[in-house]
1. I'd like to know if the stretch 55-73 contains one or more residues that are under 24 Å from Ile136 (Cα atoms) and either surrounded by fewer than 17 Cβ atoms within 10 Å (Cβ to Cβ) or of a type in the set (A, V, I, L, M) (or both).
2. Taking Val48, is it closer than 28 Å to His141 by Cα and out of contact with any Phe, Trp or Tyr (no Cβ under 9 Å at 6 or more places or on another chain)?
3. In the list Ile149, Ile136, which residue meets the criterion of being in contact with an Asp or Glu (Cβ under 6 Å, 6 or more places away or on another chain) and either more than 10 Å from the ligand (Cβ to nearest atom) or in contact (Cβ under 8 Å) with a residue 60 or more places away in the chain (or both)?
4. Is it the case that some residue within the stretch 94-109 is free of Cβ contacts under 8 Å to residues at least 24 places away in the same chain and hydrophobic (A, V, I, L, M, F, W, C)?
5. I'd like the residue in the stretch 152-203 that is more than 18 Å from His13 (Cβ to Cβ) and polar (S, T, N, Q) and, out of all such residues, is farthest from the ligand (Cβ to nearest atom).
6. Of all residues in the stretch 200-211, how many are in a loop (DSSP other than H, G, I, E, B), surrounded by fewer than 20 Cβ atoms within 10 Å (Cβ to Cβ) and without any contact (Cβ under 8 Å) to a residue 60 or more places away in the chain?
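Values in this text are rule-based calculations from the coordinates and carry no lab data. Worth saying up front: this structure is predicted, and the values here are computed from it rather than measured. Because the Cβ atoms are built from the backbone with ideal geometry, glycine has one as well, and the counts that use them run over all protein chains shown.
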Amino acid sequence: MKQDTKAKQVFLHLQQVIPNAQSELHFTSVFELLIAVILSAQCTDKRVNMVTKDLFQRWATPEDFASCDTQELEQAIKPCGFYQVKAKHIQNACKMIVSQYAGQVPSTMEELLTLDGVGRKTASVVLAVGYHIPAIAVDTHVQRVSNRIGLCHTTNVVDTENVLKQLYPKQQWEQLHHLLLLHGRYCCKARNPQCATCVLQKLCEYNQNKK
Ligand code: SF4
């Protein structure tokens, strides 16, 4: 099967089983999304949502986070893990948003990458989910699932992002990220992929190679 045909089939099959694929993080603004994504590193979305429910009641704006007491912030986000590093990233990023970007989360990859704690994956989520600007965020799930299926054969996330961008039209990039991520989270798990019940079993290289 040609790669572009396979790519289309993968998208259609995943869309059928995950019809409403979207971020599982709770947020009401691009700024809240940015903070939630920074907190989600090495942490589940469920736990982040529990923390941000109170966090955004207490501090709402970049100015609030930039000027709040660091130790209080650390304690508030402690359940998310790596809380000292994450608090530092959040405060530094918020100071930058206030001083360089007039209090608004920037909307270009280049500018987002100037914020402390924001790498290419976080920036892509903010662009795609927050601003609906085409981008593909490649996290550990997207990296693993894309390679298992055989959409790409890559060893780093930047190469994966580039291959996926060649395979799919821009208007599908945001949805593709959610589909591959959620498929990885609930079916194509790292240690125990559920191949026997997976809708992609006939398309998937990993599954074919097992036989
Ligand atoms: S068949 Fe198995 S390895 Fe392939 S995508 Fe499905 S769960 Fe993952």
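1. Scanning the stretch 55-73 turns up no residue that is under 24 Å from Ile136 (Cα atoms) and either surrounded by fewer than 17 Cβ atoms within 10 Å (Cβ to Cβ) or of a type in the set (A, V, I, L, M) (or both).
2. yes
3. Result: Ile136 is the single residue among Ile149, Ile136 that is in contact with an Asp or Glu (Cβ under 6 Å, 6 or more places away or on another chain) and either more than 10 Å from the ligand (Cβ to nearest atom) or in contact (Cβ under 8 Å) with a residue 60 or more places away in the chain (or both).
4. yes
5. Here the answer is Gln171.
6. 3
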